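Structure first, commentary second.
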Amino acid sequence: MNIRVLRFDTLGSTNDEAANQALRGADEGLCVIARQQSAGRGRQGRNWVSEPDAGLYSSIVLRPAIGREQLGLITLMAGVAVHDTLTEFGLSPDIKWVNDVLVNDKKISGILAETVETPTGLAVIVGIGVNVRSDNFPAEIAETATSIEAETGKRPTPDDVARHLTGHLSHFCALLDNTAGHAAIIDEWRRRSS
């Protein structure tokens, strides 16, 4: 997969922008990244805190050649890619069913996959948020969330995280192209989730 990054200073939601790009014909691999989101969201419409440069706020357009009944593999695949990215930063993450990645039982990343019908077929927008620093967390999540900086004492840039993540996404997205890859994705996910 050829990944092309489209950067913004501020967006309402990277998922919304990626969906709009997909509706306008964006190819698979377009990755929308914002320094800040004003309306970032997780599953069930929950708010995703998205202060400037405090995390990676990204969404990638996928156009998988799989049946609708297999679309759940995409969230599993994204979880594996996030897990392996965080490992590269010295962390020991755990994937919590189905869309959260934890470190020391605290949420460090969330994944939100949404489908959109486009003139050129179905697109899946995979939003991935990764907390880089946590000094900006509101009180209601300070005890249940963490960041790369809080866990390692180091503060990579969101671009550093994006570079690693897009490499892992490319690798694991290739597994979606054949049936044998589907079993491999499930196996890889199981090995990374307690």
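The values are calculated or read from the model by the stated rules, or taken from the named source; none is laboratory data. Since this is a predicted model, take the numbers as computed values, not measurements. A quick note on method: Cβ atoms are made from the backbone with ideal geometry, for glycine too, and the neighbour counts reach across all protein chains shown. Quick note on the areas: whole protein, heavy atoms, side chains included, nothing else; ligands and nucleic acids left out. Shrake-Rupley method; radii C 1.70, N 1.55, O 1.52, S 1.80 Å.
The residues of region 45-68 that are open to solvent by 20 Å² or more (accessible area, probe 1.4 Å) and either modelled with pLDDT of 90 or more or not acidic (Asp, Glu) (or both), listed by number, are Gly45, Arg46, Asn47, Trp48, Val49, Pro52, Arg63, Pro64, Ala65, Ile66, Gly67, Arg68.
Within region 7-21, the only residue that satisfies the criterion of being within 21 Å of Ala54 (Cα to Cα), aliphatic (A, V, I, L, M) and assigned to a helix (DSSP H, G or I) is Ala18. Give region 88-135 a look and list any residue that's among the acidic types (Asp, Glu) and part of a loop (DSSP other than H, G, I, E, B), or say none. Within region 88-135, Asp105, Asp135 meet the criteria. Applying the set (1) over 12 Å from the mean Cα position of the chain (by Cα); (2) open to solvent by 30 Å² or more (accessible area, probe 1.4 Å) to Ala113 leaves exactly one unmet item: (1).
Please indicate, with yes or no, whether at least one residue in region 60-80 is over 23 Å from Pro156 (Cα atoms), of a type in the set (A, V, I, L, M, F, W, C) and assigned to a strand (DSSP E or B).
Looking only at region 60-80, we keep the residues that are over 23 Å from Pro156 (Cα atoms), and these are 61-77.
Those left that are additionally of a type in the set (A, V, I, L, M, F, W, C): 61-62, 65-66, 71, 73-74, 76-77.
When the remaining residues are screened for being assigned to a strand (DSSP E or B), the result is 61-62.
Checked against the condition, which is being over 23 Å from Pro156 (Cα atoms), of a type in the set (A, V, I, L, M, F, W, C) and assigned to a strand (DSSP E or B), region 60-80 yields at least one hit.
Looking only at residues that are closer than 16 Å to Arg35 by Cα and either touching a strand residue (DSSP E or B) at 6+ places or on another chain (Cβ under 6 Å) or modelled with pLDDT under 90 (or both) in region 156-176, which one is surrounded by the fewest Cβ atoms within 10 Å (Cβ to Cβ)? Of everything passing the filter in region 156-176, Pro158 is surrounded by the fewest Cβ atoms within 10 Å (Cβ to Cβ). Residues in region 121-142 that are charged (D, E, K, R) and over 29 Å from Ile74 (Cα atoms): Asp135, Glu140. Of all residues in region 29-44, those being surrounded by fewer than 20 Cβ atoms within 10 Å (Cβ to Cβ) and at pLDDT 95 or above number 1. For region 88-104, the candidate set comprises residues that are open to solvent by 20 Å² or more (accessible area, probe 1.4 Å) and modelled with pLDDT of 95 or more; within that set, the residue that is nearest to Arg155 (Cα to Cα) is Phe89.
When Thr179, Thr144, Thr118, Thr85 are checked against the criterion of being at pLDDT 95 or above, among the hydroxyl-bearing types (Ser, Thr, Tyr) and surrounded by fewer than 18 Cβ atoms within 10 Å (Cβ to Cβ), Thr118 stands alone in meeting it. Residue count for region 121-141 satisfying the condition of being farther than 20 Å from Asp53 by Cα, in contact (Cβ under 8 Å) with a residue 40 or more places away in the chain and open to solvent by 10 Å² or more (accessible area, probe 1.4 Å): 2.
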